[in-house]
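Single-structure report; data block below.
Read-outs: derived from the displayed coordinates by stated rules, not from any lab. Since the structure is predicted, the reported quantities are computational estimates derived from the model, not experimental observations. For neighbour counting, all protein chains shown are included, and Cβ atoms are generated from backbone atoms with ideal geometry for every residue, glycine included.
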Amino acid sequence: MRDTSHIHRNESNSGRVHILSIYWGEKNIKKELEIGRQQVNWTHYQPGQAAGHYESFFQQANHSTRPMAFWICYTIFSPQNHPENAVGELWAIYFDGETGNHVALRKEIPFKECLFKTDEFFAKVGDSLLEPGGLRGSIASGEHSISWDLAFSGEAEPLFLLSTCNRCP
């Protein structure tokens with residue numbers, strides 16, 4: 001976020017500066033937040049970057065009355081200084097609290113077989129897809145497999161965990 005702060009100060013006769021408050025330009029903060037809301041689910045990774053990178057997009061849900069849940073994750077992993085070794089990872093976990101039988105699966109896919117868009121919400125790892133309104137895919141290992149074809153909707157605003165107050169002490 002660009003620094004648009006203004007320091008309000010009061011200089012006394014002694015030459016001391018007393019900082020009264022820091023004011024962030026309200027219009028600029030609102031603009032930055034709107035851009036953030038639009039881009040919150042866009043990929044930050046730039047293919048080929050030397051800096052190491054780990055980025056995940058996931059969907060999880062808990063059953064409303066039973067101890068059951070799932071977690072599905074589409075991930076980018078690029079090791080520090082070795083972007084040629086970047087991979088996409090697909091994770092799927094099913095939790096069954098009634099039986100105690102849980103299934104956790106992970107699959108690594110060469111990055112060239114993945115697509116993580118930097119200008120819209122879209123992640124594809126192999127044949128598994130996550131996009132606005134839905135996700136579908138499958139993963140198998142040994143005798144276990146998990147597949148999904150899910151739709152979701154909602155109008156809730158993203159939750160930003162950093163303060164956006166207009167006046168700070």
Quiz prompt | Total formal charge among the other residues, if their Cβ is under 12 angstrom from that of ALA86, Lys/Arg +1 and Asp/Glu -1 | solution = -4
Quiz item: If each of ASP127 and GLU108 carries a label point 7 Å out from its Cα toward its Cβ, how far apart are those two points in nm?
Solution: 2.2
Exercise. Loop only per DSSP, at most 16 neighbouring Cβ atoms within 10 Å: give me the trypsin sites (Lys or Arg not before Pro) in the stretch 90-147, ordered by residue number.
Key: LYS117
